[in-house]
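S.K.: To start, I am sharing the structure in question, which I have written as structure tokens.
Rule-based calculations on the coordinates, nothing more; no lab input. Please read these numbers as outputs of a predicted model, since none were measured by experiment. Cβ: placed from backbone, ideal geometry, glycine included. Neighbour counts: every protein chain shown.
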Amino acid sequence: MTDASLPTDGAKPQSGSLTTLDARTKKRNAAEKRFRAYGVAAIATGITFLFVLLFAILTSGLGAFQQTFLTVPVYLDEAKLDKKGNRNIDDIKKVSTFGYNPLIQKAVLAEVQKAGIETPLTKSKEMKALISASAAGQVRAAVIENPALIGQTVEFKFLASSRVDGYLKDRVKREHLARDKNIDAEHLDIVDGLLEAGVVAKTFNPAFIFGADASESRAEQAGIGVSMLGSLFMMFVVLFLALPLGVAASIYLEEFAPKNRLTDLIEVNISNLAAVPSIVFGILGLAVFIQFMHLPQSAPLVGGLVLTLMTLPTIIISTRASLKSVPPSIRDAALGVGASKMQSVFHHVLPLAAPGILTGTIIGLAQALGETAPLLLIGMVGYIASNAPDGIASGLLDPNSAMPAQIYEWAKRADPAYYERAWGGIIILLIFLISMNTLAVILRRRFERRW
Amino acid sequence: MSVKLTASALAIAAVAATSAAARDQVQVAGSSTVLPYASIVAEAFGENFDFPTPVVESGGSSAGLKRFCQGVGTEHTDVANASRKIRDKEIKACAENGVTDIIEVRIGYDGIVFASQLDGPDYSAFTQSDIFNALAPKVMVDGKLVDNPHKKWSDFNADLPAEDILAFIPGTKHGTREVFEEKVVAAGCEATGAFEAMMAAGMSEDDAEDACLEVMSDGRAVDIDGDYTETLASIDANANGIGVFGLAFYENNTDKLKVATMAGVEPSTETISTGEYPVSRPLFFYVKKAHIGVIPGLKEYAEFFVADEIAGPDGPLAEYGLVSDPALVETQDAVAAEKTMGGDS
């Protein structure tokens, strides 16, 4: 074997030089290049879609964070608001919001005339199209809270009507006004004048983030705050039920349960449950929690219970994976120094698996936070999120909506201003999801141990 | 540790379940056509009364009435919104579950309009016969009842544009579908003489009436089971399509839609209230009398809904697109007296 079978007769070797490529190598290299190009193209397409999506969301939704306001001093006429003049709160409450409208309209007209705007509209009633229907409720609430205001001139910051707001946001265009019965060109002329006079201004609107839902006639007033609380309470329920149940179940299955047909069956079914469409859990929740257990409809407690069912398999699967990743030597060492099985699990295995469990839980919660379908069936979609809860019990039991359900509801409504709010709601929901996922990544990076 | 946590969590849930018996806000479900009106009323109600704002869900008239009829007790809804009258079948289903005393409240009228893309073909005037000729499976051609040969609108009416027939109509779970069938398709069936021809061909009157309501299922008439926003999106994507909308929805979207006249009448709150515009329907809500006095604010809500300042011709509902009921005073009296259906009316 010392003499290798090198060709000695000086004939040209068949395979050629290593530096010049033969046809087959060229073909293989070309195939590889093509494959890389496909990969780059696939990633580029994905990124393009992501940017288009982000761009669409931001351009359509950022407008919702700004709102047009009118700052108007209103004379709170005693003759209208407290006819008896005795400041009796019960008598003042008898004046409904409809009694306040004329005062507000008069005040707006006075501002228009003060600003010296030339307009054919001279009746105070004609100012109605400019201001939100919420103005009367706002003034009434202020008066009921402090009856001493009656007889004074108080400055209020009213929401402008959704059409005026749309005009400042370029949504309502003058060429479309001809058949719009909600507003006309004369009103927009007034808006232009008031804008110059500084009465009308578009500013940041915290009420969109913290406020309650509003009816179809007041798109300008609607906010996502109350449904955010609904989501929060649901997440509490999910966290307090799904985490202990899921962790206990996976510890038992992973560390204690005997390996037999029954546990195999349970394992397979847990994996299957994770793939069950969420609407199925919704109809299960309707049948079990509302129709059988008589829990209240539209309550975040029920929503949380349904989402718990949905999240449990996710948590069990990720918990078992992280328990499995703890090497058996840890368990053996603990058992070797005399720890009981339970001590070895709770003192050694569980702490080491905790980062993985937390990550899985947070991802599961994020999934539950964005879920809409099961909430449809238990009555959490509609005109619901209008009362802010005043405590933990009412937060769990009083009707409320959830963020994705609220967005879905807004997208259905007739006033185009709601469309913008739906996109705005998506921005807020995305911020929540991104921060939850970031938290999961950070936890994993900081605490996860590799063996 | 986890076991204890689980046990306490379950205990919390159990406590919550027992304290859930009381409910202090009115619960409403039903027609998506009535939903905007109900939400406007609910909001104003919350503003003006010390009661909490009622909860209003949609889902369609039939679904709402079904939930309403499931029984008496705080876990069931108090009010069902409907864009049609309650059916005898539903009253019977209600009675079987112990829901016997129902107060029917008519809040006003709603117009159903045919609209198309603002910059689309010139669909500006329809008659019931046009819609029937376009969508029915059997139509009259030259005095004979034949399978519908029409492909374009201009095939049967030279005044209409030469565009392929495409209509987005409400799905069968909507109360609007019934009105569309009865006031448009069936009316067209009679006007074109198809009804008589069917009778002459030996059909019984009932069969002929049913046949008159049919629309073709070859894709030219598309059922929309969602809301009007879905119809609007379909119209946006199909320039040659016409869609069926509620008047209020159309009036909120005049920058995208143009409306067609029906039998020469332009739809508006005025033409509907005078009865000139042919395609309109009453809107209702139904109140469970057994819940009055149990659910705080239920009667006040019902009375507030039909009060002059809300449902009257100058109220916020009319502003949104409801055609107010000329007989509103009678409705107010009936609600005040808690007059139930079939009782003494």
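S.K.: In nm, give the distance between the simple-model label positions of A:ALA275 and B:ASP119, each being 7 Å from the Cα along the Cα-to-Cβ direction.
M.R.: 4.7 nm
S.K.: Sticking with this structure for a sec: With both bridge residues required to lie in the range B:111-280, what share of the DSSP beta bridges run antiparallel, to the nearest 5%?
M.R.: In the range B:111-280, approximately 65 percent of DSSP beta bridges are antiparallel ones.
S.K.: Quick test of the membrane-span-like rule: which DSSP H helices of chain A reach at least 24 Å along their long axis (C-alpha atoms) with mean Kyte hydropathy at least -0.5?
M.R.: Helix filter hits for chain A: A:23-61, A:97-114, A:225-251, A:300-324, A:350-369, A:416-447.
S.K.: Turning to a different aspect of this structure: Using Stokes-Einstein with the Kirkwood hydrodynamic radius over Cα pairs, what translational diffusion coefficient do you get for chain A at 10 °C and a viscosity of 1.306 mPa s, in µm²/s rounded to a whole number?
M.R.: 58 µm²/s
S.K.: Given 0.36 nm per residue, what is the gain on full extension from A:ALA354 to A:ARG444 after removing their alpha carbon distance, in nm?
M.R.: 31.4 nm
S.K.: Evaluate peptide A:298-307: per residue, the Cβ atoms of other protein chains within 10 Å of its Cβ; return the mean as an integer.
M.R.: 2
S.K.: Quick one, what does Rg over Rh come out to for the protein assembly as shown if you take C-alpha atoms and the Kirkwood Rh?
M.R.: 1.07
S.K.: Taking other Cβ within 10 Å of each residue's Cβ, how do A:LEU130, A:LEU53, A:LEU309 sort, fewest first?
M.R.: Lowest to highest Cβ neighbour count: A:LEU53, A:LEU309, A:LEU130.
S.K.: Expressed as a fraction of 2.2 N^0.38 Å, the rule-of-thumb size for a compact globular protein of N residues, what is the C-alpha radius of gyration of the range A:225-447?
M.R.: Rounded to two decimals, the normalised Rg is 1.15.
S.K.: With 10 angstrom as the radius, rank B:MET262, A:MET127, A:MET234 by how many other C-beta atoms surround their C-beta, starting from the fewest.
M.R.: A:MET127, B:MET262, A:MET234
S.K.: Additional query: Out of B:GLY315, B:GLY143, B:GLY60, any idea which swings most in a Gaussian network model of chain B, alpha carbons joined below 10 Å?
M.R.: Taking springs between Cα atoms under 10 Å, the residue moving most is B:GLY143.
S.K.: While we're looking at this one, here's another question. State, to one decimal in nm, how far the label point of A:ARG34 lies from the label point of B:ASP236, with both points 7 Å from Cα in the Cβ direction.
M.R.: 4.1 nm
S.K.: Okay, moving on. If you take the beta carbon distance between A:LYS341 and A:ASP390 as r and set R0 to 35 Å, what does 1/(1 + (r/R0)^6) give as a FRET efficiency, to the nearest 0.05?
M.R.: 0.15
S.K.: Report the extension gain between A:LEU62 and A:GLN152 in nm, rounded to one decimal, defined as 0.36 nm multiplied by the number of residues separating them, less their alpha carbon distance.
M.R.: The A:LEU62-A:GLN152 span can extend by a further 28.6 nm.
S.K.: Now, a different point. Need one number for the range A:65-204: average projected area of the convex hull over its C-alpha atoms, nm².
M.R.: So the Cα hull casts an average projection of 8.7 nm².
S.K.: Please report A:ILE427, A:ILE47, B:ILE165 as a ranked list, fewest other C-beta atoms within 10 angstrom at the top and most at the bottom.
M.R.: If I rank by nearby Cβ atoms, fewest first, I get A:ILE47, A:ILE427, B:ILE165.
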